[in-house]
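The values are calculated or read from the model by the stated rules, or taken from the named source; none is laboratory data. Quick caveat: nothing in here was measured; it's all calculated off a predicted structure. Using ideal geometry, Cβ is built from the backbone for each residue, glycine included, and neighbour counts are taken over all protein chains shown. Heads up: the accessible areas ignore ligands, DNA and RNA and are worked out on the full protein's heavy atoms, side chains in. Shrake-Rupley method; radii C 1.70, N 1.55, O 1.52, S 1.80 Å.
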Amino acid sequence: PSSGVFNVVMQLRGNTQLHVINLAGQIVIQQNLLQNTTSLNLSQQPKGLYFVKVIANNKSIVKKVMVR
């Protein structure tokens, strides 16, 4: 669980996109990643479960984040 502020750390290779998606399937944050570490702030979003999806080189990974 998080208060809504967290970091995404990864090794970047090529064009990398990040999407934060709520349980209704809406993208609440969408950005291109230009650095290995990105800070996200979901503290203004409603409390609940979110999915962080990172897309790079035609592959994607999804992680769950709980905002309380």
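Can you find even one residue in the range 23-32 that is closer than 16 Å to Arg68 by Cβ and touching a Gly at 6+ places or on another chain (Cβ under 7 Å)? Checking the range 23-32: at least one residue is closer than 16 Å to Arg68 by Cβ and touching a Gly at 6+ places or on another chain (Cβ under 7 Å). Scanning the range 35-68 for residues that are small (Gly, Ala, Ser) and in contact with a Leu (Cβ under 8 Å, 6 or more places away or on another chain) yields Gly48, Ala56.
Can you tell me which condition Asn7 does not meet? The list is (1) in contact with a strand residue (DSSP E or B) (Cβ under 6 Å, 6 or more places away or on another chain); (2) open to solvent by less than 90 Å² (accessible area, probe 1.4 Å), and all the others hold. Here Asn7 clears every test but (2).
Candidates are the residues of the range 22-48 that are among the aliphatic types (A, V, I, L, M) and either over 12 Å from the mean Cα position of the chain (by Cα) or open to solvent by 80 Å² or more (accessible area, probe 1.4 Å) (or both); the one that is nearest to Ser2 (Cα to Cα) is Leu23.
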